[in-house]
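Structure first, commentary second.
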Amino acid sequence: MLTLDGSNGEGGGQILRTALALSTVTGQPFEMVKIRARRPVPGLRPQHLAAVRAATMVSGAKVGGAFEGSPDLRFEPGSIGAGDYRFEIATAGAASLVLQTVLPTLATAAGASRVEVTGGTHVTASPSFEYLSRHWGGTVARMGLDVGFQLVRAGFYPAGGGEVHARVAPWARPAGLVLEARGPLLQVRGVSGVGKLKGDVGRRQADATRDRLWEARRVESSWEVVEAPAASPGSFLLVEAIFEQTRAAFGFLGVRGLRAEALGDRAARTLLQFLDSDAGVDPHLADQLAVPLAVGGGGGRVSTYRVTQHLVTVAEILSLFGIPARTWGRVGGPGGLDVAAH
């Protein structure tokens, strides 16, 4: 039984979701203590419980302490089973994080699975549906992880109420992945969307991003403007840079009081900062690839222009579960992640 200290490092969902995924695949039970002990509201929150319930169902696990506010959790996995699953998050908790927890796990089963998740699809500090489906999904496909996504209904923070459907095929031939030297820039593209908003917010966000990229660096970009079915009003924007060997993406959500043009300008400046570096991937993709790299067994190496504490925490959890992993560089500066093949 591994013991994880939830008061160290990120101290919350990042440790928990990584441990759940690795536990279900390796069969190694764990307990997590002092969960989010340093947060204003400590203990498990609804979005964390959703990931626990999902991992429990797909692996037939025995669980103790799975209730809201619980400071400790005990998780003993059983056998992973393919099938049709539905997980509901009553709040605007991020549906994408639940999917990233269980999809690599389900890919190790003998058959295909379908997963439905309700909750937040466009949530602050979490991968949006577009980031998940276009960017994360496109990257893990290079490891042999075959996933697909459908947005049934957008759920913007703080109301939530969204729904995502996903499918995952058996991971027949896992492959390692190296995303370091990115090669020439092939394309910059983006998607700008709204749900339940009047006016031309989506177009204005896209135009502002396009104009800033061109004015600042003569970078051309192509855009898709969409209106998503939604349970609550909101807007989103995702800008992607596709290189010969790697890719990067940055997602943004509309905020009340922030003009569409300001959001587009912010997106463009963030991408330009990445283009000024020689990193392989964006900082968020680096840590979100750690679990697939570990679960698939092929390992890999990714570089990024900003090492996050999330990335350091994930590497530490992988190592605790017997999968050698390390980061290099300093937090806040350039570096990356190595995950050993096993």
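The values are calculated or read from the model by the stated rules, or taken from the named source; none is laboratory data. Keep in mind it's a predicted model, so treat the numbers as computed, not measured. Don't worry about glycine lacking a Cβ; one is built from the backbone with ideal geometry, like all the others, and counts go over all protein chains shown.
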> Would you pick out the residues in region 109-139 that are within 21 Å of residue 24 (Cβ to Cβ), out of contact with any Asp or Glu (no Cβ under 9 Å at 6 or more places or on another chain) and buried (at least 24 other Cβ atoms within 10 Å of the Cβ)?
Replying inline: 127, 132, 136
> Only one residue in 61, 19, 51 is within 27 Å of residue 113 (Cα to Cα) and touching a Lys or Arg at 6+ places or on another chain (Cβ under 6 Å), so which one is that?
Replying inline: 51
> Any residue at all in region 138-153 that is under 13 Å from residue 236 (Cα atoms) and in contact (Cβ under 8 Å) with a residue 12 or more places away in the chain?
Replying inline: no
> If you take the residues in region 243-258 that are in contact (Cβ under 8 Å) with a residue 12 or more places away in the chain and not in a strand (DSSP E or B), which one is farthest from the chain's Cα centre (by Cα)?
Replying inline: 244
> Hey, among the residues in region 51-62 that are under 22 Å from residue 7 (Cβ atoms) and small (Gly, Ala, Ser), which one's nearest to the chain's Cα centre (by Cα)?
Replying inline: 51
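In the set 304, 246, 313, which member is of a type in the set (S, T, N, Q), at pLDDT 95 or above, in contact with an Asp or Glu (Cβ under 7 Å, 6 or more places away or on another chain) and not assigned by TED's automatic domain parsing to the domain that holds residue 15?
Numbers: 246 fails: in contact with an Asp or Glu (Cβ under 7 Å, 6 or more places away or on another chain); 313 fails: at pLDDT 95 or above.
None of the other options fit; the residue is 304.
Residue-by-condition table, conditions (1) in a helix (DSSP H, G or I); (2) more than 23 Å from residue 169 (Cβ to Cβ):
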residue: 91; (1), (2): no, yes
residue: 98; (1), (2): yes, no
residue: 103; (1), (2): yes, no
residue: 111; (1), (2): no, no
residue: 119; (1), (2): no, yes
residue: 126; (1), (2): no, yes
residue: 137; (1), (2): yes, no
residue: 142; (1), (2): yes, no
residue: 151; (1), (2): no, no
>> Of all residues being closer than 17 Å to residue 185 by Cβ and of a type in the set (D, E, K, R) in region 202-231, which is surrounded by the fewest Cβ atoms within 10 Å (Cβ to Cβ)? Just the residue, please.
In response: 218
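For every residue, the table says whether it meets (1) of a type in the set (Ser, Thr, Tyr); (2) surrounded by fewer than 16 Cβ atoms within 10 Å (Cβ to Cβ); (3) outside any helix (DSSP H, G or I).
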site: 17; (1), (2), (3): no, no, no
site: 24; (1), (2), (3): yes, no, no
site: 56; (1), (2), (3): yes, no, no
site: 69; (1), (2), (3): no, yes, yes
site: 82; (1), (2), (3): no, no, yes
site: 86; (1), (2), (3): no, yes, yes
> Which members of region 157-190 meet the condition of being in contact with a Leu (Cβ under 7 Å, 6 or more places away or on another chain) and either outside any loop (DSSP other than H, G, I, E, B) or acidic (Asp, Glu) (or both)?
Replying inline: 164, 166, 168, 177, 188, 190
> What are the residue pairs meeting all of these: first residue in region 196-214, first residue assigned by TED's automatic domain parsing to the domain that holds residue 250, second residue of a type in the set (Phe, Trp, Tyr) and crowded, with 17+ Cβ neighbours inside 10 Å, Cβ atoms under 7 Å, and 6 or more apart or on different chains?
Replying inline: 206/223; 210/223
